[in-house]
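Below: the structure, in structure tokens.
The values are calculated or read from the model by the stated rules, or taken from the named source; none is laboratory data. Values in this document were obtained by computation on a predicted structure and should not be read as measured data. Note that we place each Cβ from the backbone using ideal geometry, even for glycine, and neighbour counts take in every protein chain shown.
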Amino acid sequence: MRDLPPAGLSVIAPCFNEEANVAVLSERSLAAFQSLPIPAELLLIDDGSSDGTWKAIEQVSAQNAAVRGGRHVRNRGIVGGWKTGLELARYDLVCLIDSDLQNRPEDIPRLMQAWLEHAPDIVQAVRNPQPNEVRSVFSRGLNLILNASFGMNLADNKSGFILTRRSTLLELLQDAQGFRYFQSLLGAAAGVRALRFHEVQTQFDRRQAGTSFLGRYPIRVSARVLAEVLRYRIHTLRKRGSE
Ligand SMILES: Nc1nc2c(ncn2[C@@H]2O[C@H](COP(=O)(O)OP(=O)(O)O)[C@@H](O)[C@H]2O)c(=O)[nH]1
Ligand SMILES: [Mg+2]
């Protein structure tokens, strides 16, 4: 049975040294909210940035009631940003989005539409990168490994541009403890719970400003993520075995 219609959507964007992107993200998100059938808010979480990210967040949140900020004095990572966003969230639906504008805020209404039409547990944006992105080779490899390890068949398993219930995300993040790159394991956490996905094709733009924390050839991080995929698989098998 489908429960009550959603009351609203809280969009959570972790920001680490994104001073040049905050204002544009906010402007484009607020414009996109206009075409949503329910109220929405944007939660910008500054994660101990060393640039002017917090100042930019203060500025946009002072100008718009639908934009609010959260701040970590020390860096807690992307998942830490999501958790703080969940604490601040007013609404029962949440959408996670990168703050560097690689995910397009204009796609938020498309994810919402898919949520209403298909009634899945999670709507996941499939990121279609621009041509000649070296990073997409790593991303596709990791996608195959995640799908094979967890018996899944997603086009973009570790896409963190998703829309789901706040309660669902809270449940998935219960597994995050002890993992440094749990942002890559969120899809897997949903897979082990047999949650139902609906995928939406989206464009994954190049970064316009700021720098990725991964760099162009993320070999070291990829190796660490792989080790965590393995550790999480063992963890979930053990957990299932003990139930
Ligand atoms: N809260 C938080 N967010 C981060 C951190 N590192 C990156 N982000 C954010 O997560 C998103 C993706 O990061 P990015 O560096 O672009 O990774 P990439 O897209 O995989 O290259 C962006 O919105 C970043 O601002 C971090 O340490 N903490
Ligand atoms: Mg990025």
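Looking at the range 80-87, can you tell me whether even one residue there is more than 15 Å from the chain's Cα centre (by Cα), more than 10 Å from ligand 1 (Cβ to nearest atom) and not hydroxyl-bearing (Ser, Thr, Tyr)?
Checking the range 80-87: at least one residue is more than 15 Å from the chain's Cα centre (by Cα), more than 10 Å from ligand 1 (Cβ to nearest atom) and not hydroxyl-bearing (Ser, Thr, Tyr).
For the subset of the range 85-140 comprising residues that are over 25 Å from GLN34 (Cβ atoms) and charged (D, E, K, R), which member is nearest to ligand 2 (Cβ to nearest atom)?
Per the criteria, the residue is ARG135.
Could you check, for the range 64-71, whether at least one of its residues is near ligand 1 (Cβ under 9 Å from one of its atoms), modelled with pLDDT of 95 or more, under 28 Å from PHE213 (Cα atoms) and of a type outside the set (Phe, Trp, Tyr)?
No, the conditions are met nowhere in the range 64-71.
Check the range 218-225 and report whether any residue there is basic (Lys, Arg) and either exposed (fewer than 13 other Cβ atoms within 10 Å of the Cβ) or farther than 24 Å from HIS118 by Cα (or both).
yes
With acidic (Asp, Glu), touching a helix residue (DSSP H, G or I) at 6+ places or on another chain (Cβ under 8 Å) and away from ligand 1 (no atom under 16 Å from the Cβ) as the only criterion, which of GLU106, GLU117 stands out?
None of the other options fit; the residue is GLU106.
Being surrounded by 12 or more Cβ atoms within 10 Å (Cβ to Cβ), in contact (Cβ under 8 Å) with a residue 60 or more places away in the chain, under 24 Å from GLU106 (Cβ atoms) and of a type outside the set (D, E, K, R) is true for just one of GLN203, GLN208. Which residue is that?
Checking each option against the conditions leaves just GLN203.
Scan the range 156-182 for residues that are surrounded by fewer than 17 Cβ atoms within 10 Å (Cβ to Cβ) and over 14 Å from the mean Cα position of the chain (by Cα) and jot them down.
SER167, GLU171, GLN174, GLN177, GLY178, ARG180
Since GLY160 meets every condition but one in (1) within 10 Å of ligand 1 (Cβ to nearest atom); (2) over 22 Å from HIS198 (Cβ atoms), which condition does it not meet?
Only one criterion in (1) within 10 Å of ligand 1 (Cβ to nearest atom); (2) over 22 Å from HIS198 (Cβ atoms) is unmet by GLY160, namely (2).
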